[in-house]
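Structure, as structure tokens:
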Amino acid sequence: MGKSGFPKKAIFICEGKKCGKYSEVRKYCKDAIKANGLKNEVELIRMGCTDRCKQAPVVCFQPTNAWHTEVSEKDIQQFFRKYIS
């Protein structure tokens, strides 16, 4: 964890009306964090609607500020490896 007691990395997942339907994206992230022993290093955060419903689901990786839209389960696997592991 960082100096403030917060994890160094975070994954923000939109939970708006349309994005929230893509529960497999959130589940993959949650399972991958646990499977890789990153619970103290990565936080999974549900965020409110980003008003990008036509581009659902919306995911953001911090601290790189990498925003992605229309994320599939295959995409999220690649993004997790790129930004998290």
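Nothing in this text is a laboratory measurement; each read-out follows from the coordinates by a stated rule. None of the values given here were measured: they were computed from a predicted structure. No Cβ is skipped: glycine too gets one built from the backbone with ideal geometry, and neighbour counts run over all protein chains shown.
Structural remarks
- Taking Lys and Arg as +1 and Asp and Glu as -1, the other residues whose beta-carbon sits under 10 Å from that of F12 total -1.
- By the Cβ-Cβ criterion of under 4.7 Å, the unpaired cysteines of the chain are C29, C49, C53, C60.
- Placing pseudo-labels 7 Å out from each Cα toward the beta carbon at D31 and K17 gives an inter-label distance of 3.0 nm.
- Angle in degrees between helix 73-83 and the longest Cα principal axis of the chain, rounded to the nearest 10: 40 degrees
- Multiplying the residue separation of R52 and D75 by 0.36 nm and subtracting their alpha-carbon distance yields 6.5 nm.
- Taking amide H as placed 1.01 Å from N in the peptide plane, L44 has its amide H under 5 Å from the amide H of I11, each at least 5 places away in sequence or on another chain.
- Taken about its Cα centre, the chain carries a charge dipole of roughly 80 debye when the Cβ of each Lys and Arg holds +1 and the Cβ of each Asp and Glu holds -1.
- 0 to 90° range, to nearest 10: angle between helix 23-35 axis and the chain longest Cα axis: 10 degrees
- Those aspartates and glutamates that a straight Cα-Cα span of less than 14 Å connects to K74, excepting residues fewer than 8 apart in one chain: E24
- Taking amide H as placed 1.01 Å from N in the peptide plane, the amide H of G16 sits under 5 Å from that of C49, T50, each at least 5 places away or on another chain.
- Spatially proximal lysines relative to K39 (Cα-Cα < 20 Å; intrachain offsets below 8 disregarded): K3, K8, K9, K27, K30, K82
- Its Cα gyration tensor gives segment 9-83 an equivalent ellipsoid; the semi-axes, largest first and in whole Å, are 19, 12, 11.
- Using C-alpha pairs below 8 Å separated by at least 6 residues, the relative contact order for segment 9-83 is 42 percent.
- Considering only the chain, percent of DSSP beta bridges that pair antiparallel, nearest 5: 55 percent
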